[in-house]
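Visitor: Submitted below is the structure of interest, expressed as structure tokens.
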Amino acid sequence: MDAVLTFLSTPAGIGLAALIIAALIALVVLVVRRSGAAGPSVPEPPPAPAPESTQAKALETDSSQLPEARAGPADKSVPTLSTQPEEAEEAAETGALIEAPESLPSRMQRLRSRLSGSGSLGRAIVQILSRGELKATDWEEIEDTLLIADLGLDATDELMSRMKERVAIAGASDSNTIRTFLAEELLALVDENLDRSLHLDKQGENGELPATILMVGVNGTGKTTTVGKLARVLVAEGKSVLLGAADTFRAAAAEQLSTWGERVGVDVIKSDREGADPAAVAFDAVKQGAMRAVDVVLVDTAGRLQTKSTLMEELGKVKRVMEKQAPVSEVLLVLDATTGQNGLKQAQVFAEVAGVTGIVLTKLDGSAKGGIVVSVQKTLGVPVKFVGLGEGADDLAPFDPRSFVDAIVNS
């Protein structure tokens, strides 16, 4: 023992003692920590139930606000969905609300009211004709007004000739009489006797094939948006619809079309690969339409300049490939009404390549460029079937010649 004490009093002994004490302290700390970690656990309180989503709650408590899924013959006065019942059920489970498009009578009434404030063309002409005895300069002013409105040279000459004759015979300077003359002559030019209906009879010997619509047009006319709006029109008429996203060159086109379809419960056939063959997508869309027994397949195509021959040839290919599945019922050309006479040049090339059967005029306000209705019909020999007058989802309606002329002349 004395030897141990003597050793510990030496510097080496003191160092060893210090190491032993440090080791003991570290051991105690480690034991304490482990005993704390292994101690009894306190159970956490159960999580509070998550609040129901507003959409899901709305679906559960107020399902009467949702349009019914289409199942057999439907009342044509009530907009119906083109989805199957299981698709509508899936939409309800995911909380997706499907819109009921505005009925055609309602949207046409709204579009008429929008046109009613756009009669600057008619007011300008009536004001000139009401001056009494008209001079050559007055008639020139009328002619300039009509040409600025894109009525076209031939139609302007025809209208001028008829108005001069009627005003001279009647000796009229009364604005109401002149307004009546102008309305009658404009209506004759617009031609309310043209067949403006969509030909949507089922195809095939037993009606087993869907009607098909091919939408064409140049870049920037709002073609994909118009496809979505037209789908809403067809759903409002009780038609089941399938969309084909054959615009494979614009990355957002298929997604844009899918959004339109989701809003009214309409499926979209598209390719997962950007730049895929648009004819193949169109072919698949018509094929799927036949398999699903839908009423109408509506195919969107890429916007293209009429001067690009290769792109125009591709458009012809899309139509030919679609016809391998079912005859193409309608080829609708989407035109921006504000492009005026340039739109006519576009229309002529598309008509030659794709066999256009009808025109959809967007951005038509009934005044500044309203004459394009007459000139495009005279140029192509096909009618304007639909017009768009706004950015809203239901701002597309069948073209009504009489309402159009009344809005121009009588506002």
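Visitor: Criterion first (closer than 20 Å to THR338 by Cβ and open to solvent by 20 Å² or more (accessible area, probe 1.4 Å)) does GLY207 satisfy it?
Guide: It is false that GLY207 is closer than 20 Å to THR338 by Cβ and open to solvent by 20 Å² or more (accessible area, probe 1.4 Å).
Visitor: Would you mind stating whether THR339 is open to solvent by 20 Å² or more (accessible area, probe 1.4 Å) and at pLDDT below 85?
Guide: Details: open to solvent by 20 Å² or more (accessible area, probe 1.4 Å): yes; at pLDDT below 85: yes.
Here the answer is yes, as THR339 does meet what is asked.
Visitor: In the list ASP277, ASP267, ASP247, which residue meets the criterion of being open to solvent by 40 Å² or more (accessible area, probe 1.4 Å), touching a residue at least 24 places away in the same chain (Cβ under 8 Å) and touching a strand residue (DSSP E or B) at 6+ places or on another chain (Cβ under 8 Å)?
Guide: ASP267
Visitor: What number goes with the only condition from (1) closer than 21 Å to VAL264 by Cβ; (2) assigned to a loop (DSSP other than H, G, I, E, B); (3) open to solvent by 40 Å² or more (accessible area, probe 1.4 Å) that THR225 does not pass?
Guide: Answer for THR225: the failing condition is (2).
Visitor: Here is a further query. Hey, GLU313 hits all of (1) open to solvent by less than 30 Å² (accessible area, probe 1.4 Å); (2) more than 30 Å from ALA149 (Cβ to Cβ) but one; which does it fall short on?
Guide: Looking at each condition in turn, GLU313 falls short on (1).
Visitor: While we're looking at this one, here's another question. Can you confirm whether the stretch 326-335 contains a residue that is open to solvent by 10 Å² or more (accessible area, probe 1.4 Å), of a type outside the set (A, V, I, L, M, F, W, C) and over 20 Å from SER258 (Cα atoms)?
Guide: Yes, the stretch 326-335 contains a residue that is open to solvent by 10 Å² or more (accessible area, probe 1.4 Å), of a type outside the set (A, V, I, L, M, F, W, C) and over 20 Å from SER258 (Cα atoms).
Visitor: Scan the stretch 396-409 and tell me whether some residue there is touching an Asp or Glu at 6+ places or on another chain (Cβ under 8 Å), surrounded by fewer than 22 Cβ atoms within 10 Å (Cβ to Cβ), over 26 Å from ALA124 (Cβ atoms) and in contact (Cβ under 8 Å) with a residue 40 or more places away in the chain.
Guide: no
Visitor: Quick one: which residue in GLU141, GLU185 is in contact (Cβ under 8 Å) with a residue 24 or more places away in the chain and either under 37 Å from the mean Cα position of the chain (by Cα) or not in a strand (DSSP E or B) (or both)?
Guide: Just one listed residue meets the conditions, GLU185.
Visitor: Let me ask something else. Of THR357, THR379, THR362, which residue is of a type in the set (Ser, Thr, Tyr) and more than 17 Å from ASP300 (Cα to Cα)?
Guide: THR379
Visitor: Quick test for you: out of VAL299, VAL286, VAL233, pick the one residue that is under 24 Å from GLU205 (Cβ atoms), in contact with a strand residue (DSSP E or B) (Cβ under 8 Å, 6 or more places away or on another chain), open to solvent by less than 10 Å² (accessible area, probe 1.4 Å) and in a helix (DSSP H, G or I).
Guide: Details: VAL299 fails: in a helix (DSSP H, G or I); VAL233 fails: under 24 Å from GLU205 (Cβ atoms).
Result: VAL286 is the single residue among VAL299, VAL286, VAL233 that is under 24 Å from GLU205 (Cβ atoms), in contact with a strand residue (DSSP E or B) (Cβ under 8 Å, 6 or more places away or on another chain), open to solvent by less than 10 Å² (accessible area, probe 1.4 Å) and in a helix (DSSP H, G or I).
Visitor: Being part of a loop (DSSP other than H, G, I, E, B), farther than 23 Å from THR221 by Cα and among the hydrophobic types (A, V, I, L, M, F, W, C) is true for just one of ALA251, ALA280, ALA326. Which residue is that?
Guide: ALA326
Visitor: Among the residues of the stretch 303-323, count how many are assigned to a loop (DSSP other than H, G, I, E, B) and within 25 Å of GLN203 (Cβ to Cβ).
Guide: Summing the residues that are assigned to a loop (DSSP other than H, G, I, E, B) and within 25 Å of GLN203 (Cβ to Cβ) in the stretch 303-323 gives 1.
Residues are listed down the side, and each one gets a yes or a no for (1) closer than 23 Å to GLN377 by Cβ; (2) open to solvent by 80 Å² or more (accessible area, probe 1.4 Å):
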| position | (1), (2) |
| --- | --- |
| GLN127 | no, yes |
| GLU141 | no, no |
| LEU147 | yes, no |
| ILE178 | no, no |
| GLU185 | yes, no |
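Visitor: Of the numbered conditions (1) within 22 Å of the chain's Cα centre (by Cα); (2) closer than 26 Å to SER103 by Cα; (3) crowded, with 22+ Cβ neighbours inside 10 Å, THR357 satisfies every one except a single condition; which is it?
Guide: Failing condition for THR357: (3).
Visitor: May I pose another question? List pairs: first residue in the stretch 108-126 and closer than 30 Å to LYS164 by Cβ and hydroxyl-bearing (Ser, Thr, Tyr), second residue crowded, with 18+ Cβ neighbours inside 10 Å and modelled with pLDDT of 75 or more anywhere in the structure, Cβ distance under 6 angstrom, at least six positions apart or on different chains.
Guide: SER116/ALA407
Visitor: Just checking, does the stretch 97-106 include any residue being loosely packed, with under 13 Cβ neighbours inside 10 Å and modelled with pLDDT of 75 or more?
Guide: yes
The values are calculated or read from the model by the stated rules, or taken from the named source; none is laboratory data. Please read all numbers here as calculations on a predicted model, not as lab measurements. For neighbour counting, all protein chains shown are included, and Cβ atoms are generated from backbone atoms with ideal geometry for every residue, glycine included. Surface accessibility is based on the protein's heavy atoms, side chains included, excluding ligands, DNA and RNA. Shrake-Rupley method; radii C 1.70, N 1.55, O 1.52, S 1.80 Å.
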